[in-house]
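One structure is given here, and the rest of the page talks about it.
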Amino acid sequence: MDFIFFKIWIRENSGKIRDKKFKKFYCNDKKYILEFQQHFFNISIISGNSICFFSNERPNEKEETPFTKIISQHLNKTFAGKISIEKNDKVISIFFQKKDIYGINIRYRLIFELINRYENIIFARESEVGKWIILDAHRKVNFSENRFRQILAGTEYKTPPNLKKPYILDFEKEEFINFIGENLPENWKDFSKNFSNIPKFFHDEFSPKISSEKFWDSISNLDNKIYFNPEKKYFTLIKKNEFKNFETTNKAFKYYFEKQTLNNIFLQLKNNILQKMKKQAQKIEKVIKNQTKEFEQLQNYEKWKKFGELLKVNLKKIRRGQKKILVKDYFSENNSEIAISLNDEWNAEKNMEYYFKKYKKAKSGKAKLEKHLLFNKACLQRVLGNISEVENCKHLDELKKWQVKKFTKKKSDKKRLFRRISYEFNGIKWEIFIGRNRKENDILTTKFAKSEDWFFHSRIFHGAHIVLRNPKKMENPPEKVKLMAARIAAHFSKAKHSKYVPVDFTKIKYVSKPRKSPAGFVIYKNQKTLFVNPTNPQKL
């Protein structure tokens with residue numbers, strides 16, 4: 001969605017909920033909903049399809065998450081203030097305020113960052129010195145993901161960096177012509193890179209080498225109504241008779257959500273489900289192929305019995321060291337000779353027993369394999385039937401049962417991430433988390449750990465990532481706790497049997513993961529080093 005439409009939407013709806021009492025915050029159908037008196041503010045932050053609009057319709061289903069509950073608790077008994085948008089970016093803010101028990105004003109800010117690929121909802125409270133301190137966020141961003149702008153509880157909220165390129169509609173005609181030149185560039189890419197948030201529909205008016213004055217006249221003559229281009233799936237302010245028009249941006253945004261955003265969600269979910277089902281079918285087909293091949297080999301299991309019987313009759317003729325023996329086949333009509341392979345390291349009895357065992361195993365295995373083969377063929381037919389049913393689904397509600405029923409794991413199947421050790425010292429509960437493999441190391445350090453936690457890792461030797469939770473946000477951990485974490489880090493390294501192992505430690509905010517680096521690989525700075533003897537945490 002282009003910045004210009006959000007700007008128009010703010011202008012039309014900035015007073016819609018002013019002084020209205022907040023009721024509840026929850027989610028429904030891939031969108032968040034702020035409930036006020038007689039109004040419902042809907043916000044969808046689906047990547048590439050972010051949209052917001054007001055409605056008077058009460059949702060049929062309501063779902064609460066830890067994120068929505070925190071906001072509902074803080075905004076209880078508050079009244080909405082203004083709605084604003086950043087000057088040149090798709091960042092919308094709704095302000096709230098209430099008085100505490102002492103009559104002091106408390107101000108909150110709900111921020112919707114609708115920037116493509118970085119969509120987020122951030123909840124902040126104004127401090128005594130006028131700074132906005134983050135209380136929670138839909139998507140948290142730590143130092144390892146973005147060293148310039150973290151979105152974590154307790155940190156100050158900072159708007160995304162200002163775009164240095166100008167906004168095209170901030171120009172006057174003469175300024176635009178002087179900025180671009182008398183004629184437009186040869187292609188749209190060279191033209192659009194001069195501006196920030198340039199509307200997509202301007203591309204429809206672009207033509208290489210036309211005069212800047214002619215282009216300006218076509219884009220400056222914008223209509224008061226919004227039109228929807230059904231072919232290119234975006235809005236325009238340039239009147240076209242064949243396009244659907246809307247009197248307000250709110251109606252346009254609601255239409256876009258119902259027809260476009262929900263449709264994209266439906267298609268994406270459908271493709272994901274089909275992809276998983278087809279992958280499941282391919283696995284079953286591979287198993288059936290291998291089982292069929294094995295079953296065909298077991299068809300001749302009677303041959304092993306015949307070999308055993310023939311060796312039994314000719315036991316005295318077999319000598320150790322023979323690799324095969326030529327005997328008469330008494331089971332054939334003409335008593336022709338047949339060659340039987342032998343193991344030259346076995347005696348006659350052991351070679352005979354080998355063929356009898358092979359016969360018994362093949363006979364019982366064939367029956368079991370036949371059952372498995374029939375079962376897998378039935379499974380394949382069921383999965384193929386499910387694929388056909390999903391392909392014929394037309395509505396989002398029809399897909400939900402497949403999403404939940406077919407592909408969610410049971411609670412008992414969930415494996416607990418990381419190994420955790422709890423330790424109490426001076427009345428404070430300390431927690432140490434240990435990554436058990438590269439993947440866990442990666443998640444532990446870059447996703448799970450907080451910026452003020454401490455990171456421990458053996459300096460020279462490969463080893464687990466160790467994170468010491470910092471519950472009180474201390475600048476330095478107590479010496480005893482620090483040594484314990486270092487000894488554990490040494491134990492879970494390649495130097496676990498050595499002495500005086502060097503272990504580095506620093507805060508998580510100084511740990512980062514280089515782009516495109518393998519799982520578990522990090523770099524860090526501002527570290528200090530301890531030389532410790534490895535200690536098994538089970539012996540603490």
For segment 307-331, enumerate the residues that are open to solvent by less than 30 Å² (accessible area, probe 1.4 Å), within 27 Å of F295 (Cβ to Cβ) and not in a helix (DSSP H, G or I). D329
Test of understanding: among I33, I46, I17, which residue is in contact with a strand residue (DSSP E or B) (Cβ under 9 Å, 6 or more places away or on another chain), closer than 19 Å to E61 by Cβ and not in a strand (DSSP E or B)? I46
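Rundown of residues vs (1) over 30 Å from N392 (Cα atoms); (2) small (G, A, S); (3) touching a residue at least 40 places away in the same chain (Cβ under 8 Å); (4) touching a helix residue (DSSP H, G or I) at 6+ places or on another chain (Cβ under 6 Å), yes/no style:
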{"site": "L269", "(1), (2), (3), (4)": "no, no, yes, yes"}
{"site": "Q275", "(1), (2), (3), (4)": "no, no, no, no"}
{"site": "K283", "(1), (2), (3), (4)": "no, no, no, no"}
{"site": "F295", "(1), (2), (3), (4)": "yes, no, yes, yes"}
{"site": "L315", "(1), (2), (3), (4)": "yes, no, no, yes"}
{"site": "V327", "(1), (2), (3), (4)": "yes, no, no, yes"}
{"site": "D344", "(1), (2), (3), (4)": "yes, no, no, no"}
Within the bounds of segment 491-512, is there any residue that is open to solvent by 80 Å² or more (accessible area, probe 1.4 Å), within 24 Å of F143 (Cβ to Cβ) and in a loop (DSSP other than H, G, I, E, B)? no
Unmet criterion (only one of (1) open to solvent by 30 Å² or more (accessible area, probe 1.4 Å); (2) in contact (Cβ under 8 Å) with a residue 40 or more places away in the chain; (3) more than 30 Å from H395 (Cβ to Cβ)) for F201: (1)
So, in segment 75-89, how many residues would count as being in a loop (DSSP other than H, G, I, E, B) and over 25 Å from M1 (Cβ atoms)? 3
Hey, does segment 152-172 have a residue that's over 30 Å from F202 (Cβ atoms) and either open to solvent by 90 Å² or more (accessible area, probe 1.4 Å) or among the polar types (S, T, N, Q) (or both)? yes
Just to be sure before I move on: is S144 within 30 Å of F112 (Cβ to Cβ), in contact with a helix residue (DSSP H, G or I) (Cβ under 6 Å, 6 or more places away or on another chain) and open to solvent by less than 50 Å² (accessible area, probe 1.4 Å) in the structure I sent? yes
One residue is enough: does segment 207-220 have a residue meeting the conditions among the hydrophobic types (A, V, I, L, M, F, W, C) and open to solvent by 30 Å² or more (accessible area, probe 1.4 Å)? yes
From the option list E205, E175, single residue qualifying as farther than 25 Å from I43 by Cβ and either modelled with pLDDT under 90 or under 28 Å from the mean Cα position of the chain (by Cα) (or both) is E205
Filter segment 90-125 for residues that are outside any strand (DSSP E or B) and either among the hydrophobic types (A, V, I, L, M, F, W, C) or within 16 Å of F41 (Cα to Cα) (or both); which is least open to solvent (accessible area, probe 1.4 Å)? L114
Just a yes or no: is a residue in segment 252-271 under 30 Å from V390 (Cβ atoms), over 24 Å from the mean Cα position of the chain (by Cα) and in a loop (DSSP other than H, G, I, E, B)? no
Every pair of residues 6+ apart whose Cβ atoms lie under 7 Å, when the first sits in segment 116-139 and is over 18 Å from H74 (Cα atoms) while the second is among the hydroxyl-bearing types (S, T, Y) and buried (at least 19 other Cβ atoms within 10 Å of the Cβ): E119/S50
Among R487, R459, which is the only one that is closer than 30 Å to F148 by Cβ and open to solvent by 30 Å² or more (accessible area, probe 1.4 Å)? R459
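The values are calculated or read from the model by the stated rules, or taken from the named source; none is laboratory data. Just so we're clear, the structure is a prediction, and the values are computed from it rather than from any experiment. Positions of Cβ are backbone-derived with ideal geometry, glycine not excepted, and every protein chain shown enters the neighbour counts. Each accessible area value is taken on the protein alone, full model and side chains, heavy atoms only, with ligands, DNA and RNA left out. Shrake-Rupley method; radii C 1.70, N 1.55, O 1.52, S 1.80 Å.
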